[in-house]
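Student: Can you keep this structure in mind? I'll have questions shortly.
The values are calculated or read from the model by the stated rules, or taken from the named source; none is laboratory data. Owing to the predicted nature of the structure, the values given are computational and were not obtained by experimental measurement. Cβ: placed from backbone, ideal geometry, glycine included. Neighbour counts: every protein chain shown. Quick note on the areas: whole protein, heavy atoms, side chains included, nothing else; ligands and nucleic acids left out. Shrake-Rupley method; radii C 1.70, N 1.55, O 1.52, S 1.80 Å.
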Amino acid sequence: MVQRRIPKIKDLAPLMHFKTPELNAKKRRLEGALTIYDLRDIAKKRTPKAAFDYTDGAAEAELSLGRARQAFEDIEFNPSILRDVSAVSTGWDVLGAPVAQPFGIAPTGFTRMMQTEGEIAGAHVAARAGIPFSLSTMGTTSIEDVKAANPHGRNWFQLYMWKDRDRSMALVDRAAKAGYDTLLVTVDVPVAGARLRDKRNGFSIPPALTAGTVINALPRPEWWINFLTTEPLAFASLDRWSGTVADLLDTMFDPTVTFEDLAWIKAQWPGKIVVKGVQSLADARTLADLGVDGIILSNHGGRQLDRAPIPFHLLPHVVREVGNEYEVHLDTGIMSGADIVASVALGARFTLVGRAYLYGLMAGGEAGVDRAVQILSEQVSRTMRLLGVNSLEELEPGHVTQLARLGRIAQPVAASGGV
């Protein structure tokens, strides 16, 4: 029979570890976030529905986004044991210059709509972390102000080719003069995708004050206070717009852009040029002939063509075919450092994170972006150690097994003669 006794103070003392309570509510929230999904939960509580859904949502049934995330979950890591992983290097050269991590901040539109600190917060964090920051054509901070926020770091500019070609190239010229080192030309937007959440929410620029938005704002007063007491929302590269996002995009995007136009842009840009939105092996080969510096396998975060190819599945095939001719980068669906490590193992030189960055921004402004980058960086380092590698160069396809969930059905062979 168990003998019981009254515990003595000297026995309890070693067990008593009371932490000083954190009085800063933002710091307390962010320290409690251990994953990007935790930041997403905080962001959803603190951001009006229309703005949150613009970030969180995708096109039509949102199958492309769901499949991209599922693809990362459907992997099996193959670690090596008994390796000295006391020191791990998470950096290498990307497009001819060093980065501290194999990921950077993707270009995102309407960023100050998500949280008032917007692109400046992302640029500051990128500067401290030693990673590139990408400014979107649809960004809400000027090319020059982003450069001022990240004066010594790597700034990339993302270009949508508009119907007004002169205005598009004026932006390219401004980015070059400001010292941006890389141009990301996005090629998967001949028209805007059907982003149904935005349509249902009536998402407009600027946001409309309706009975629904006011009711939704009541538990989120900080967002509205920030929105109403800071500079009015304006775009980095165009005049203010009053209307829906879909109307704006369809007004701007040029459905006539071809490979010849891309070659024309390349001839005018003095730095590195990367094509964003590649979704087939055939197009990847054509771009190799064009002499670009890199491509980004991407389906625009699932925001354009629903049921589009899964970039992570396409990655090893493209790397095998054209990986010696230019750098292959990847985005869409990345929500953890393990996703990033798996991408590098299968041949990606670099990855871009969009939603993960915006969840952090919405959760806590610049401090939230810091937390998002910290989470991803820690996960990258930990995953590498657990795999038994000391550097990104040691990662190779044998470290990853892609498990099959969606298998392709063989196409029928065409009949050789008439019936």
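Student: How much net charge surrounds PHE203 when only other residues with a Cβ under 10 Å from its Cβ are counted (Lys, Arg +1; Asp, Glu -1)?
Tutor: Surrounding charge for PHE203 is +3.
Student: Additional query: Is any residue of segment 383-413 close enough, with backbone N under 17 Å, to a label point placed 7 angstrom from the Cα of THR35 along the Cα-Cβ axis, and if so, which?
Tutor: 383
Student: Pick from ILE105, ILE295, ILE75: which is most flexible by mean-square fluctuation in a GNM of the chain where alpha carbon atoms under 10 Å apart are linked?
Tutor: Sorting by GNM fluctuation, first place goes to ILE75.
Student: Where in the chain are the helices, taken as whole DSSP H runs, whose Cα atoms extend 18 angstrom or more along the long axis and whose Kyte-Doolittle mean reaches at least -0.5?
Tutor: Within the chain the helices that satisfy the rule are 355-387.
Student: Hey, which of these cross-link pairs are over 20 Å Cα-Cα: LYS163/LYS266; LYS177/LYS272; LYS26/LYS147; LYS44/LYS147?
Tutor: With Cα atoms farther than 20 Å apart: LYS26/LYS147; LYS44/LYS147.
Student: Taking the full set of protein chains and a 1.4 angstrom probe, give the accessible area of ARG195 in square angstrom, rounded to the nearest 10.
Tutor: 20
Student: Quick one: work out the % antiparallel among DSSP beta bridges in the chain, nearest 5.
Tutor: Looking only at bridges with both residues in the chain, the antiparallel portion is about 25 percent.
Student: Over the chain, what percent of the accessible surface lies on carbon and sulfur atoms, probe 1.4 Å?
Tutor: Carbon and sulfur together cover 56 percent of it.
Student: Rounded to the nearest whole Å², what accessible area per residue is found for the chain with the 1.4 Å probe?
Tutor: Per-residue value: 48 Å².
Student: Compute the length gained on full extension between LEU281 and SER80: take 0.36 nm times their separation in residues and subtract their Cα-Cα distance, giving the result in nm to one decimal.
Tutor: In short, 69.2 nm is gained.
Student: Any lysines with Cα under 16 Å of the LYS199 Cα? List them, leaving off those in the same chain fewer than 8 positions away.
Tutor: In chain and number order, the partners are LYS49.
Student: Hey, another quick one. Which residue, ILE409, ILE340, ILE120, tops the fluctuation ranking in a GNM of the chain built on C-alpha contacts under 10 Å?
Tutor: ILE409
Student: When the chain is treated as a GNM, springs tying every alpha-carbon pair under 10 Å, which of LEU82, LEU63, LEU358 comes out with the largest mean-square fluctuation?
Tutor: In this elastic network of the chain, the residue with the biggest mean-square fluctuation among LEU82, LEU63, LEU358 is LEU82.
Student: When the helix-only estimate is applied to the chain (DSSP H runs of n ≥ 4, each -39,500 (n - 2.57), divided by the residue count), what is the mean residue ellipticity at 222 nm, nearest 500 deg cm²/dmol?
Tutor: Calculated mean residue ellipticity at 222 nm is -13000 deg cm²/dmol.
Student: As an exercise, identify the trypsin sites (Lys or Arg not before Pro) in segment 258-343 lying in DSSP coil whose Cβ has no more than 14 other Cβ atoms within 10 Å.
Tutor: Answer by residue number: ARG307.
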